[in-house]
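Take a look at the structure set out below.
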Amino acid sequence: MEKTEAKQRIDELKEILNEANRSYYILDAPEISDFEYDKLIRELIVLEEEYPEYKTQDSPSQRVGGGVLEGFEQVTHAVQMQSLTDVFDKEELFDFDNRTKSSLGLDTVEYVTELKIDGLSVSLEYRDGMFFRGSTRGDGNIGEDITNNLRTIKSIPLKLTEQIPYLEVRGEVFMPKPAFLRLNELREVAEEPLFANPRNAAAGSLRQLDSSVTAQRSLDIFIFNVQAVEGMEFVTHSESLDYMRKLGFKVIPDRRIQHGIDEVYDEIMRLGEMRGNLDFEIDGAVVKVNSLEERLLLGSNSKTPKWATAYKYPPERQETELIDIVLQVGRTGAVTPNAVFKPVRVAGSLVSRATLHNIDFIHSKDIRIGDHIIIQKAGDVIPEVVEVIKDKRKPDAAKYEMPDDCPVCGEPLERIDDEAATRCTNSNCPAQQLRSIIHFASKGAMEIDGLGPAIVEKLIDEGLVKTCADLYELKKDDIVSLEGFAEKSASNLIESIENSKSRGLDRLLFALGIRLIGSRAAKLIAERFGTIESVAEANAEQIAEIPDIGEKMAGSVEHYFSESASIELIEHLRKCGVDMTYEAVEKGGIFSGKTFVITGTLPGMKRSEAKKLIEDNGGKVSSSVSKKTDYLLAGDEAGSKLDKANKLGINVISEEDLEKMLDNNF
Ligand SMILES: [Zn+2]
């Protein structure tokens, strides 16, 4: 492609993709399919790699993240990011109104009431219509620069529809409830600690040093205030937000103007009713004076404005009766007690179950079957047992103890000292088999289409499968004999099972359900070792050499391959023809498996060029020196990284050395 032609196509793609983002994330009216979007963005990335001079900050390719920071820079907020005073009832709300009226000398004040999103407050700055910096609130005066992470949020426009000289807006970054539930599901499978609520999940995602992690977290934002603007003036707050929407921002929804505090109170009640049905969490309603001139007259206290306040809704709690405590045996044998109670409506939905985590949790709250209990939803999402009403306890209610034996297979349960979980140690336990086969067949693992939990259960009940390898021994006739199957659907299932054989080592390692090994860890291990034999032979120390694989994970892999049941299973899978090798998607290259760090000024090339050279030859470039670094590529004025590399005994090479390595294929 000619250079001018390339530039034209890049511009065209940027426009199409930015517009697609806008219609999808802001107007909620998708124009092109996800598939089409992915195809176009790939085309753009390829073109930008070929012609880096045309890669700009507003390119949608910037949203995929990448590049790991060592820390966040500080940002001093030109306009203080204030917090709000809270009011908790009608009386306090009316006091706020009285103070406002008397300060302004008015009988009635015009307000705007908005949902108070429970997320993280950020500042976004634009110069000539281009997003150039985003930061956290911090202490209100100094925050952290999280520009790269914010770029990955697709509802943040990278370029505004107008070239305003300077604009700073404030918004709330949040994780929508469905994304939060999905994220926790994935973490549960990987046995990673769960996030307590969407707010924590959003906070954890926003403060990632690796922006590609943030990019995967489905964060979203609502803009709720104009902090500073050059080149235009607004009379009211509501007018300014309407304008922000025109500029391409996703602005806080359902904003209405009220005349006087009575109308405000009605509006607060109306918003409160909607609470459980929203896609995101709120922790209150914000009442703001609408006139910007009146805001100036009212002024601020040291950290809080006098022209706004937050009305906090009480958490919604319900009383119900605990009918039973049932035990669920997971794929790794962990036994989780669940509370089953009389159905109650909490925060918009009917609930009848909540996890009780483990026996310590039950004992700390002294929960007994038959008790009256208080239920609330953590962050309006996950039902939890808050407390027991002991006054209502029946005299014969017995203290709850875990049974000695597995409720499913009858083998003894065990509790290892430093673990909270009680486990069934019988690896032939049907409950564990069921869970592990469901996991094996799931998306992200071997992805066997049409093999859902209900069918796995039938297969186990009929004695057709015990382990995941048995799936590959199934014949069409076996499946036809199951209730609900016909010739055609049975053939389809056999075909999906057959197709799953070629998923490769990374998916297989994840599918095996090794404790603590999620899909990302599985991929890293597969990348490093290439075949299942090499993984099985590796000891924990060797596995822990992989960046991002911790000691516990490495130990878990070593342990898995030391068990004879695992070896038998793998042999069985191999006999059935399951692919156990990893084919690198990236080019192999002579630097494959090597991690580089680049520091200082290189004589003959830019650092970005060196990075590309290393990556093109299969190497990885990391930003900080650690024991896992293979080479430090050092130029002039290399500072602390060089010292650290020397201290750790890491190979230090020059640009010339790098080129020699490439020439000689060392
Ligand atoms: Zn069991």
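The values are calculated or read from the model by the stated rules, or taken from the named source; none is laboratory data. This is a predicted model, so every value here is computed, not measured. Here Cβ is always computed from backbone atoms with ideal geometry, including for glycine, and neighbour counts include all displayed protein chains.
List of remarks:
- Cβ-Cβ under 8 Å pairs, at least 6 apart or on other chains, the range 427-442 side outside the structural domain of R182 (by TED's automatic domain parsing) and farther than 17 Å from C406 by Cα, far side of a type outside the set (A, V, I, L, M, F, W, C) and within 16 Å of the ligand (Cβ to nearest atom): I437/T467; I438/R331; H439/R331; H439/G513; F440/G513
- T100 vs. criteria β-branched (V, I, T) and either surrounded by fewer than 14 Cβ atoms within 10 Å (Cβ to Cβ) or without any contact (Cβ under 8 Å) to a residue 60 or more places away in the chain (or both): no
- A residue that is part of a loop (DSSP other than H, G, I, E, B), in contact (Cβ under 8 Å) with a residue 40 or more places away in the chain and over 33 Å from the mean Cα position of the chain (by Cα) occurs nowhere in the range 611-632.
- Residue selected from the range 410-456 under the condition among the acidic types (D, E) and within 16 Å of the ligand (Cβ to nearest atom), by the criterion farthest from L493 (Cα to Cα): E414
- Taken as a whole, the condition of being modelled with pLDDT of 90 or more, surrounded by fewer than 17 Cβ atoms within 10 Å (Cβ to Cβ), within 16 Å of the ligand (Cβ to nearest atom) and not hydroxyl-bearing (S, T, Y) does not apply to D396.
- Of the residues making up the range 458-465, one or more are touching a Lys or Arg at 6+ places or on another chain (Cβ under 9 Å) and surrounded by fewer than 20 Cβ atoms within 10 Å (Cβ to Cβ).
- Test result for R368, closer than 26 Å to I323 by Cα and either among the small types (G, A, S) or within 16 Å of the ligand (Cβ to nearest atom) (or both): no
- Test result for F341, buried (at least 19 other Cβ atoms within 10 Å of the Cβ), assigned by TED's automatic domain parsing to the domain that holds A196 and touching a residue at least 12 places away in the same chain (Cβ under 8 Å): no
- If you filter the range 19-47 down to residues that are surrounded by 17 or more Cβ atoms within 10 Å (Cβ to Cβ) and within 16 Å of F249 (Cα to Cα), you find that the one that is modelled with the lowest pLDDT is I26.
Results for (1) closer than 23 Å to R331 by Cβ; (2) of a type in the set (A, V, I, L, M, F, W, C), shown as yes or no for each residue.
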position	(1), (2)
E462	yes, no
N492	no, no
E495	no, no
L516	yes, yes
E527	no, no
E533	no, no
A538	no, yes
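- Candidates D470, D477 - the one that is surrounded by fewer than 16 Cβ atoms within 10 Å (Cβ to Cβ) and away from the ligand (no atom under 16 Å from the Cβ): D477
- Counting only helices (runs of 4 or more DSSP H) that sit wholly inside the range 489-586, those with at least 2 residues that are buried (at least 16 other Cβ atoms within 10 Å of the Cβ), within 30 Å of the chain's Cα centre (by Cα) and modelled with pLDDT under 90 are 519-529.
- For the range 314-361, a residue qualifies if it is within 16 Å of the ligand (Cβ to nearest atom) and touching a helix residue (DSSP H, G or I) at 6+ places or on another chain (Cβ under 7 Å), and the qualifying residues are V329, G330, R331, G333, P337.
- Single match in L322, L298, L356 (criterion: under 29 Å from R423 (Cα atoms), modelled with pLDDT of 95 or more and either small (G, A, S) or surrounded by 14 or more Cβ atoms within 10 Å (Cβ to Cβ) (or both)): L322
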